[in-house]
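Here's the structure, in structure tokens; my notes come after.
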Amino acid sequence: MFSRILVANRGEIALRIIRAAREMGIESVVAYSTADEGSEYLKLADRAICIGPGPAAQSYLNIPAIIAAAEVANVDAIHPGYGFLAENSHFAEVCRSCNIEFIGPSAESMKLLGDKVQCKQLARKHKVPTSPGSKGAVKSEEQALKIAHEIGYPVIVKAASGGGGRGMRVAHNDIALQSGMHSAISEAESAFGDGSVYIEKFLERARHVEVQIIGDKQGNIVHLFERDCTMQRRHQKLIEEAPCPVLDKETRDALCKAAARLCKAAGYYGAGTVEFLLDDDMNFYLMEVNTRVQVEHPVTEAITGIDIVKTGIKVAAGEELPFKQSDVKLNGCAIEARINAEDPQRDFAPQPGTLSRFKVPGGYGVRVDSHCYSGYRIPPNYDSMIAKLIVHQPTRGQAIACMKRSLGEMLIEPIKTTIPLHQRLMNNTNFVSGDVDIHFVERLLSADSK
Ligand code: MV4
């Protein structure tokens, strides 16, 4: 096992990793930017090393600075958390070439799965359902129109190197497809330095359902069931829950097995997530694979009793998975609400500033993952998530009741947060009955302004 690891991230996920390391008897060294200087979570690590100024490009994305910190601290491994460098295969390669383990998959499987065209080809080869569309990258406008006429509108143009909704265009007709192709290509070129795009049938009413998987270097892959992340806005998830409330046993089994099969085919190890769209007829289609630990991993930890962060560290150190697929049992229902420092009244504008009061709920089945406290200053440089409130109860109805009670106890002052929106959603009849799709929150909010 590792003696010491570097945490190349900040905020709640840095704290999550520091805590896991401490419980495992591993020393943690946390890298931080000057914008995070003085933050309490830094004191919970064994050591904190400043890697640069506030802007992420000069600190949390600065590979030479992170490697220098890792060398100075003499760590055995680097945990990238999520965001920043977590899905950067070049970073994984650099770490390993410096004889520092990257806590995550191989650079090869990151590259393979991170390229959506290659990922989709691998999926088709292994009978993982995908939305009908181009077999590979689409090179010309004529080719795009031909495919659209074969599969029928609406279609979606996606960047091969995209993800999380970046570099996508939906088209309902030829004219929109022609302009959508051009804007998707130029957006992909400037954002990812790779202008390859592909086309598929656009599913109009679907849920976002994703499968947690974890693999070891011996080639074992286990799924930890699914999460439903349908409640999102502008590709930012708001609420995640496990299991998916509308899935039957047979579909769940097929979905989870398909995800594990795809990861096995990619030679995957570490924690990962296979994202799908699920339609009303219980058909599922691969969207993309996230080769990292995700924000919403705690709901899966709750329903399986498996610590995903600790298991990820163990497999990175070369240990075999300590459980088999048949050991993994789905227990109860868990819901996570992402508490963001945003003003819903001002189109969710970020709310940096100092928290005069930060009081979190507790009690049976309640978990709060946050690096915040009264007196904490939210820096303006990073994303606005300040806490995750996770509840776990035997049934979904009880989980919703527990979430309402917990949201009611949470006191965050003086800044605006997404708590009132969560309270509204927990009382929404469509959310409660499970009658929602990925556009639900945006439809609800746009109805407000009418
Ligand atoms: C889709 C889709 C419908 N049909 N693909 C969004 C992020 C990225 N992971 C892929 N995404 C989608 N892919 C097909 N074939 C719907 C989404 C999607 C979405 C699209 C437009 C506006 C909002 C959306 C929210 C979630 C998912």
| request: Taking all protein chains together and a probe of 1.4 Å, list Lys237, Lys450 from the most accessible to the least accessible. | output: Lys450, Lys237
| said: Which order do you get for Phe225, Phe431 if you rank them by accessible area with a 1.4 Å probe, largest at the top? | reply: Phe225, Phe431
| task | Report the charge-dipole magnitude of the chain in Debye, nearest 20, computed about the Cα centre from +1 at each Lys and Arg Cβ and -1 at each Asp and Glu Cβ. | result | 380 debye
| field | Solvent-accessible heavy-atom area per residue, rounded to whole Å², over segment 4-103 at 1.4 Å | value | 37 Å²
| task | Would you please name the trypsin sites (Lys or Arg not before Pro) within segment 148-235 that are DSSP coil residues with at most 15 other C-beta atoms within 10 Å of their C-beta? | result | Arg205, Arg234
| Dipole of the chain (Lys/Arg Cβ +1, Asp/Glu Cβ -1, origin at the Cα centre): which of Ile386, His172, Ile419 lies farthest to the positive side? | Ile419
| query | Using the heavy atoms of the protein chains alone and a 1.4 angstrom probe, what is the accessible area of segment 207-449 per residue in square angstrom? | reply | 38 Å²
| note | By the C-alpha gyration tensor axes a ≥ b ≥ c (rounded if a/c is under 1.5, else prolate when a/b exceeds b/c, else oblate), the shape of segment 187-283 is oblate
| query | Any idea which of Cys119, Leu255, Phe202 is furthest toward the positive side of the dipole for the chain, if Lys and Arg beta-carbons carry +1 and Asp and Glu beta-carbons -1? | reply | Leu255
| task | Starting from the Cα of Lys450, draw a straight line to each of the aspartates and glutamates and keep only those under 20 Å, dropping any in the same chain fewer than 8 residues away. | result | Asp343, Asp347, Glu442
| What does the highest-first list of 51-61, 331-341, 420-430 look like by mean Cβ count within 10 Å? | 331-341, 51-61, 420-430
| request: Please compute the net charge surrounding Glu409, taking Lys and Arg as +1 and Asp and Glu as -1 over other residues with Cβ under 13 Å from its Cβ. | output: +4
| By the gyration tensor of its Cα atoms, with a ≥ b ≥ c the square roots of the eigenvalues, what is the shape of segment 222-273: rounded for a/c under 1.5, prolate for a/b over b/c, or oblate? | oblate
| said: Using protein chains only and a probe of 1.4 angstrom, how many square angstrom of Cys402 are accessible, to the nearest 10? | reply: 10 Å²
| Glu93 versus Ser433, label points 7 Å from Cα toward the beta carbon: distance in nm? | 5.3 nm
| task | Take the Cα atoms of segment 132-201, build their convex hull, and give its volume per residue in Å³. | result | 68 Å³
| request: Provide the FRET efficiency to the nearest 0.05 for the Tyr373-Glu142 pair, computing r from the beta carbons and using R0 = 60 Å. | output: 0.55
| Of Lys201/Lys310; Lys125/Lys314; Lys43/Lys359; Lys139/Lys201; Lys310/Lys388; Lys158/Lys249, which sit over 28 Å apart, Cα to Cα? | Lys201/Lys310; Lys125/Lys314; Lys158/Lys249
| What ranking of Glu413, Glu288 comes out by heavy-atom accessible area, probe 1.4 Å, highest first? | Glu413, Glu288
| request: Provide the net charge surrounding Lys257, with neighbours chosen by a C-beta distance below 13 Å and charges set as Lys +1, Arg +1, Asp -1, Glu -1. | output: +2
| field | Local electrostatic count, Val432, Cβ distance below 11 Å [Lys/Arg +1, Asp/Glu -1] | value | +1
| query | Just in segment 107-215: which GluC sites (Glu not before Pro) are loop by DSSP and have at most 12 other Cβ atoms within 10 Å? | reply | Glu204
| remark: Computed about the Cα centre, the charge dipole of segment 1-104 from +1 Lys/Arg and -1 Asp/Glu charges at the Cβ has a magnitude in debye, to the nearest 20, of 100 debye
| said: At 7 Å along Cα-to-Cβ for each site, give me the label-to-label distance between Arg443 and Lys329 in nm. | reply: 3.9 nm
| What is the Rg over Rh value, at two decimals, for the chain, using alpha-carbon atoms and the Kirkwood definition of Rh? | 0.95
| remark: About its Cα centre, segment 171-328 carries a charge dipole, from +1 on Lys and Arg Cβ atoms and -1 on Asp and Glu Cβ atoms, whose size in debye to the nearest 20 is 340 debye
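The values are calculated or read from the model by the stated rules, or taken from the named source; none is laboratory data. These figures come from a predicted structure and were not determined experimentally. Note: ideal-geometry Cβ built from the backbone for every residue, glycine included; neighbour counts use all protein chains shown. Ligands, DNA and RNA are excluded from the accessible area calculation, which covers all protein heavy atoms including side chains. Shrake-Rupley method; radii C 1.70, N 1.55, O 1.52, S 1.80 Å.
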